[in-house]
Every structure is written in structure tokens, then in C-alpha cells.
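Heads up, the thing below is written out as C-alpha cells.
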Amino acid sequence: MSSHYTVLLVDDHAIVRGGVKAMLRGTEFDVIGEASSGAEGIVVAEEKKPDLVLLDIRMAGGDGFSALVAIKAALPTTVVLMLSTYDNPTYMARAIAGGAAGYLLKGIEHEALLEAMRAVLRGEQLLSTQDLIRSLRVVGESAQAADLIEPLTKREEEVLKLMATGLTNREMAGVLFISEGTVKTHVEHIIGKLGVSDRVQAAVWAARQGLVSEADLPKLSTHH
């Protein structure tokens, strides 16, 4: 491949950025910028306009999901790959909803990282909705609670988990490839079956049952 691509690294650990730079040395990928927080990443991305951003999720100076949304809004053609320590279905859902082209774990091998970067620059989507739904189902297998008025269907479990991460109906519809109206119906059924009064209480119930992490709940206040 003769083309060269510009890359921005956004991670709050210098050692991670250094490791990735070392992996990319001598390849078709040129690291043209680094940032140690989400906020800094947005500024550097807008200034350098890279072809690809490798973006961490949990950083001391602002979270990667906010940076993802801002970068995609400012630079729609820039490809963003999430590079995270966390193998977490709720994070994957938010990555899809935010416009990321893929979700990689930091332990990834050198060749696998290069192949993933090449794939997304060719326009491929590494994180498929099917993968996400499979991982959501694994999380939910043991979580069916006895105190339900009526058991949730598999689809309702998926919607509940996505809803609990703070996704809007429109974002959930995009992730699950169903209409916004269908999502709204699922949400109404879930709230009825759980015997709660709103989405926030449904999310708290999901966290109590271990369907989602408590850490994801505070983000609910930003979505209505």
C-alpha cells in the first residue's frame, strides 16, 4: 500500500501513546499529533485534521465518548477507532451510537492493530451490531430477575441495557437497526414490566440486577 495516512493518538497515558507510536513506526501510518485528554484531542483533531484518530475512553481530562461525538461532528470524514482497556458491551454500544468505526482492546497484537486500522480506512465497520448484541446477551443470561411482573424478552433486555447507558431512542434505533417507534414501544413495555415510573428508574433497576455498571448511570441525566 503506497498511500500514507495521518494518525492522532488520544490517551492520558504517555506510555500507551509511546507504545502505539512504536508499533506504527515504519508503516504507512504517520502519527501527526498526540493528546492526553478528550478535550485536548478535540482541539488537536480540528487543527491537524487526521485521517484516523485512536481514542481512549476513560481519561483523566474528559471522557472519550464526548470527544468522539465532537470530533465526528467537526470532521465527519475522519475515522475514529476506540482503543480501550474495557471489554464492556455498554461502552461498545455508546461507541457505535457516537459514530466510531470500531472498538479495540489495548492488548491487541501489532499486526491485528495495523489490519484494523487499514480496514476502517477502507470504509469497513469493525464493531458490528451483531457482535454487540451477542455480548449484551452473554451479560444478561444470568440476570433475569424473579421480581418481574412479566419476564423481559431478549429484545427488551437489549433495549434496557442500551437505555441504561444513556442512549436516546434514536441512538438505540440506530444501534439495533429498528425504527424509533419500535424502540419507544419496547421502552414502554419495559417500564410496565419492571413496575417503575420512568427510564431512570428502569436504569437503576438494570444496575441493581448487574445488567449494566453503576458507573454508567450518572450519564443518564444528560439524555431525555
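The values are calculated or read from the model by the stated rules, or taken from the named source; none is laboratory data. Only a predicted model underlies this, so the values are computations on that prediction, with no experimental measurement involved. For neighbour counting, all protein chains shown are included, and Cβ atoms are generated from backbone atoms with ideal geometry for every residue, glycine included. Remember, those area values only see protein heavy atoms, side chains included, never the ligands or the DNA or RNA. Shrake-Rupley method; radii C 1.70, N 1.55, O 1.52, S 1.80 Å.
Figures for the structure shown
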| item | result |
| --- | --- |
| Yes/no for G98 being in contact with a Phe, Trp or Tyr (Cβ under 9 Å, 6 or more places away or on another chain), within 21 Å of E124 (Cα to Cα), touching a residue at least 12 places away in the same chain (Cβ under 8 Å) and not hydrophobic (A, V, I, L, M, F, W, C) | yes |
| Boolean, G64 is among the small types (G, A, S) and within 20 Å of A101 (Cα to Cα) | yes |
| Count - residues of the range 162-174 that are in contact (Cβ under 8 Å) with a residue 24 or more places away in the chain and surrounded by fewer than 22 Cβ atoms within 10 Å (Cβ to Cβ) | 3 |
| Test: residue in the range 49-62 that is within 19 Å of V175 (Cβ to Cβ) and at pLDDT below 95 | yes |
| Count of the range 98-124 residues which are over 23 Å from D12 (Cα atoms) and part of a loop (DSSP other than H, G, I, E, B) | 3 |
| Candidate set from the range 178-197 (those that are aliphatic (A, V, I, L, M) and under 26 Å from the mean Cα position of the chain (by Cα)); member that is farthest from M163 (Cα to Cα) | I178 |
| Meets criteria (at pLDDT 90 or above and either of a type in the set (V, I, T) or open to solvent by 30 Å² or more (accessible area, probe 1.4 Å) (or both)) for V159 | yes |
| Residue match in the range 128-138 (condition: in a helix (DSSP H, G or I), over 26 Å from D56 (Cβ atoms) and at pLDDT 90 or above) | no |
